[in-house]
Amino acid sequence: MPKEHILAIDNGTQSVRALVLDLQGNLLAKSRVPIEPYFSNAPGLAEQHPEVFWRAVCDACQQLWAMPGASKENIAGVALTTQRGTVINLDKDGKPLRPAIVWLDQRRTEGLKPVGGWWGLAFRLAGMSETVAYLQAEAEGNWIQTHQPDIWNHTYKYLLLSGYLTYRLTDHFVDSVGCQVGYIPFDYKRKRWAGKRDWKWQAVPMDPSLLPELVPPAQVLGEITSAASQASGIPAGLPLIAAAADKACEVIGAGCLDPHIGCLSYGTTATINTTHRKYTEVIPLIPPYPSAVPDAYSLEIQIYRGYWMASWFKQEFGLREQRLADRVVDLVRAGVVQVFALEIDLCTAILLRQALRVVHRARSPDVVFQLIAQFRRERRILAAALVRLPQLVERMYQGFGDKHAAVGTEVSARVGKLIHLHF
């Protein structure tokens, strides 16, 4: 039987998913393993043990193989996407030296030596010195070098989460170009590590040997090792194909391959992305990110901690409402309520219609109306987070000049109507 299925692994902020798809993109089977996004030992810190991510990947894959449609014999290859900006220090044996610093972390390193020489002069003349200083302060590598120098001195490889999981799967220190999103000395225009005279090596100083080899999207990163196969159940010898970071994969999965099509994502961070062939910095020194499409860029604007706020609110204050939701699910499973599965999704209008069906058929308005109140609370939180998106969209398109400004205005209006519809 020909191998015509693909295994996709998605290590997001709140869960790890394993999915089997056919060559037409049809989903055949999926599994999901929730993960704790981070732990915090001090205000503003967000860390997680790298082994948590690896175990969740293995557990998600092992759960997948027990599902209909997930035949190992039909898998032709594997693709991996992960959350962006999460960094891991490894020693010479490939073991983590400290917990991963998760992208939600807010630590900063003030008082660093500014970029000097001709670059420093150019930034001062352009009025960009403060922007460069901000990027330096945000860089996790600078914090580790300043506050944990012993760990930095023993670091053999400094990897993003995608590079770490690729290493666990293939035993090679290699990563996809499409996954390079973070405070690292990466040339976003040429999609390679920065040249030796690039200012980024002053802003985030490190030995180039700490960084992994880079492979373009759609190329082979390596093969699944026997050890990885034993842990995850993925057949040994299958190729691991370079994909891209989670947002870039969302964009290509949504079919947003042209500049006039925007991908609106209600993720942990709410974003809107467009795909362009031309490198353009809408905000100076803030680059477009690598696209999952070879030779393209993904322009992005974001609302930090978008849907994550609703999840956090629900976790911290919504125990009673979650129990109410569980009661509705129990009614559905017991056959008392004959409706499609009730899922907590961001399309609140759809949710309310589903809830009203529950009221009609289950005749349990006391339960469902309280559940609707929960949806409305989440809706208000999300509306506050997303209200700036239309203005940011218009600003992004204005960066391309008059020709695209009208398109940006139209897209902005459509985004605004979409948010109004849902919230």
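The values are calculated or read from the model by the stated rules, or taken from the named source; none is laboratory data. Fair warning: this is a prediction, and the values are worked out from it, not measured in the lab. Counting neighbours? That spans all protein chains shown, and the Cβs are built from the backbone with ideal geometry, glycine included.
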_Cβ-Cβ distance below 6 Å, separation of 6 or more or different chains: which pairs start in region 55-79 with a residue that is on the phi < 0 side of the Ramachandran plot and assigned by TED's automatic domain parsing to the domain that holds C179 and end on one that is at pLDDT below 95 and part of a helix (DSSP H, G or I)?_
none
*Within region 178-198, track down each residue that is closer than 20 Å to N142 by Cβ, touching a helix residue (DSSP H, G or I) at 6+ places or on another chain (Cβ under 7 Å) and not in a loop (DSSP other than H, G, I, E, B).*
W193
*Hey, can you tell me all the residues within region 147-163 that are within 14 Å of L210 (Cα to Cα), in a loop (DSSP other than H, G, I, E, B) and of a type outside the set (S, T, Y)?*
H154
_Condition met for V204 (closer than 30 Å to L238 by Cβ, modelled with pLDDT of 95 or more and surrounded by 16 or more Cβ atoms within 10 Å (Cβ to Cβ))_ = no
*Just give me the residues in region 135-152 being under 15 Å from I184 (Cα atoms) and of a type in the set (S, T, N, Q), in sequence order.*
Q136, N142, Q145
_Number of the condition not met by P216 [criteria: (1) within 19 Å of the chain's Cα centre (by Cα); (2) not assigned by TED's automatic domain parsing to the domain that holds A66]_ = (2)
_Kindly evaluate D59 against the criterion of being surrounded by 20 or more Cβ atoms within 10 Å (Cβ to Cβ), acidic (D, E) and at pLDDT 95 or above._
no
*Mind listing whichever residues of region 29-44 are surrounded by 13 or more Cβ atoms within 10 Å (Cβ to Cβ) and closer than 21 Å to I101 by Cβ?*
I35, P37, Y38, F39, S40
